[in-house]
1. Looking only at B:Arg175, B:Arg265, B:Arg227, which one moves most when chain B is put into a Gaussian network model with springs between Cα atoms under 10 Å?
2. Quick one: Cα centre-to-centre distance for region B:339-387 and region B:246-265, in angstrom?
3. Beyond 27 Å between alpha-carbons counts as too far, so tell me which of A:Lys2/A:Lys148; A:Lys8/A:Lys228; A:Lys8/B:Lys32; B:Lys66/B:Lys229; A:Lys246/B:Lys314 fall in that bin.
4. Need one number: convex hull volume per residue for the protein assembly as shown, Cα atoms only, in Å³.
5. How big is the antiparallel share of DSSP beta bridges in the protein assembly as shown, given as a percent to the nearest 5?
6. Determine the sum of side-chain charges near B:Asp232: Lys and Arg each +1, Asp and Glu each -1, restricted to other residues whose C-beta is under 12 angstrom from that of B:Asp232.
7. Pairing the Cα long axis of helix A:94-108 with the longest principal axis of chain A, what angle in degrees results, from 0 to 90 and rounded to the nearest 10?
8. When Lys and Arg each count +1 and Asp and Glu each count -1, what net charge do the other residues less than 15 Å away from B:Arg179, Cβ to Cβ, add up to?
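Each value in this text was obtained by applying a stated rule to the coordinates, not by laboratory testing. Note that the structure is a prediction, hence the values are computed from the model and not measured. As a convention, Cβ positions derive from the backbone with ideal geometry for all residues, glycine included, and neighbour counts pool all protein chains shown.
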Amino acid sequence: MKIIVCIKQVPDTQKVKVDDKTGVLIRDGIDTKMNPFDLYALETAMKIKEQINAEITVITMGPPSAKEVIKEAYALGADSGYLLTDRKFAGADVLATSFTLAQGITAIGGYDLIICGKQTTDGDTAQVGPAIAEHLAIPHVSWVVKIKDVCDKSITFMEDMLDDIAIAKMNYPCLITVDKDVFQPRLPSYRLKQQAETKTINILTLEDLAQKDSEHYGLSGSPTQVEKIFEPTSEHEVERFEQDDKNNAKLLYQKLKELKYVKELS
Amino acid sequence: MSGIVIDHNKCIKCLACIKACPFNALSLENDKIEVNAACRLCKVCIGVCPTQAISLQDVIKKVIDKNLYQGILVYVEHTDGNIHPVTYELIGKALELAKKIDQQVYCLFIGENIKEKANVLLEYGVAKVLVYDHLDLRYFRVDNYANVFESAIKKLMPNTVLVGATTTGRSLAPRVAVRFKTGLTADTTILQMRENTDLVQIRPAFGGNIMAQILTTKTRPQFATVRYKVMDAPQKVTNVTGSIEIGVVNESMLKSKIELLEVKRKEATFEISEAEVIVVAGNGVKDEKGLKLVSELAELLDGVVGMTRPMIEKGTGSYLQQIGLSGRSVKPKLIITCGVSGAIQFVAGMDKSDTIIAINSDPNAPIFKTAHYAVVSDLYEVLPLLIKQIKGEIINEL
Ligand SMILES: Cc1cc2nc3c(=O)[nH]c(=O)nc-3n(C[C@H](O)[C@H](O)[C@H](O)COP(=O)(O)OP(=O)(O)OC[C@H]3O[C@@H](n4cnc5c(N)ncnc54)[C@H](O)[C@@H]3O)c2cc1C
Ligand SMILES: Nc1ncnc2c1ncn2[C@@H]1O[C@H](COP(=O)(O)O)[C@@H](O)[C@H]1O
């Protein structure tokens, strides 16, 4: 069977700040890595491959430098990899990103199962997976927490449904997004890492896709726009208790009484 | 060309934009700075360019007739007809947004045997509850539910659609939004309505370090999923004026390709977001003794104990107790943090609480910016004294 795993390269830092004066984002360093949640998606594909005959293809949309994330996937055991990259893809929101990925997946050829991570650490929407499925008109299930069974026709799994846990089955073609309880990701293998350096990375641009009208991609294909970014602020008054511990305890006790959390003791 | 455009004649290749770009979307290719597919149009590069070589060229795109879309639709999240509290929070917010543009609030209720329950929603001042009731809609199956949702939107033509950012909501909303080729903002925490009916959608990004303000100006409806426990549920109204409308379920909507084999109720777990009083132990709580003080205070206030992430990582508590971005969002009436520094990822999960009291020995601890009452004290000193007072063991001698 053919498995496609969607992976994304994300900044390897959460420490960003907004410069008060210029309103500009300050990020320390520009290291990147594979979106940690996509490691679980790739691991799921690898576990399936250990059970039945499967071929694993990874796909990513990103800048030319996102080749690195495909190499990372090769070092973990992916068989082939595609990078969707084109200036016309810039500025994509969920709708345009998922459309581009769906077009890319179609261009690669047939597939049985598509696996996505539950969310990215930068976009952080958890929406790209379900949106890809909608573009491809295939069923999907999000938040898969366990794979129960796979065969060459269908997959059976456990899914998180708000107050319930369900066991469900889907025939291929279909898409799942996996939660991080699904499997523990492996570490890259030294041997595969060596091989990854020389393995082909396939590049897809707008030219290679069936829908060539650039209206559907990047900024033009994105109904949402980021109007501005800012640092969260808290504007309210703070009452400070800065006496010795004994008096602070007393003041705090009186405050709790005033707020009616403790009763007056007689 | 639309999007970020670089004027290569003005560019002096100082690389300031490459360094500033949070998305790694700019690079030097063939001695020219180029924008690549990673660009998210955050416009940071425009601000840092010393020679104004970077600009944003907007696309001219058909704008739909916004007047054709009226009202705010709230998706009713439930299990077996038991309405999830996020639904009421969404109704509360929707009523406020609708008032601004003089429109109405509708609910979409999909399930089985739910007609009775729909009446409850009317008590909150909703103008209409659209009910789709069918045996095959008993359980959430995203393809069937998306079909029904699509039909409801075509019928109501709402301006805005709000869905709880729950596991099911975040699976359903993207499918429906794609069908209408419209915008969807995930996991929003602040919503405002503009007079021109554009919804201002604000959500944390980059692990909560910054907020992004997002708009859907050219398409309708505008979809947002909304985080649980950040909005306020409304009061019941005294006279109910809304009505229930039954939607038509066609067999063609019910051809789910997801076969449900078994559905089990999750085991009732401790749910910290339900607590009215929470006492939080942070890294400043260094041992059993400290933890005992925190637990004792929680017990005396009829509350529960929450923790910061490092405490969970050390194995001091269960993941279900973790408050913050990667844990639970909470909005209790009272929260007392003990030995918590107030990192943004923690604060993002609790800053909507009604009353926030912070105890920290460091007078400059960031948590004091979030707190309403800042107690600058050693928790090991102040907590025993406080506990004794509450218990009535010391009264007048202080
Ligand atoms: C992507 C991401 C997600 C994250 N998600 C979360 C999350 O969900 N929840 C979360 O909590 N964190 C989260 N974090 C971690 C977060 O950044 C902080 O590291 C964490 O919140 C700090 O916990 P703390 O306040 O308990 O510890 P510290 O930062 O170590 O603070 C301890 C505080 O205790 C005070 N103190 C020490 N001794 C005493 C004493 N005797 N009396 C009084 N005060 C004392 C100190 O002054 C200090 O301010 C996340 C981080 C990242 C990058
Ligand atoms: N640019 C991208 N390229 C490939 N896969 C992506 C991309 N963006 C998102 N995904 C996939 O969609 C999942 C959810 O991402 P998000 O909706 O951004 O939280 C990720 O875990 C990936 O599997």
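1. Fluctuation is largest for B:Arg265.
2. 48 Å
3. B:Lys66/B:Lys229; A:Lys246/B:Lys314
4. Numbers: hull volume 113.8 nm³, N = 664.
Hull volume over Cα atoms, normalised by residue count, gives 171 Å³.
5. Values: 50 of 123 bridges.
Of the beta bridges lying entirely in the protein assembly as shown, close to 40 percent run antiparallel.
6. After counting each charged neighbour, the total is +1.
7. The angle comes out near 20 degrees.
8. Details: positive: B:Lys154, B:Lys155, B:Arg175, B:Lys181, B:Arg220; negative: A:Glu134, B:Asp143, B:Glu150.
Spelling it out: positives minus negatives among the neighbours equals +2.
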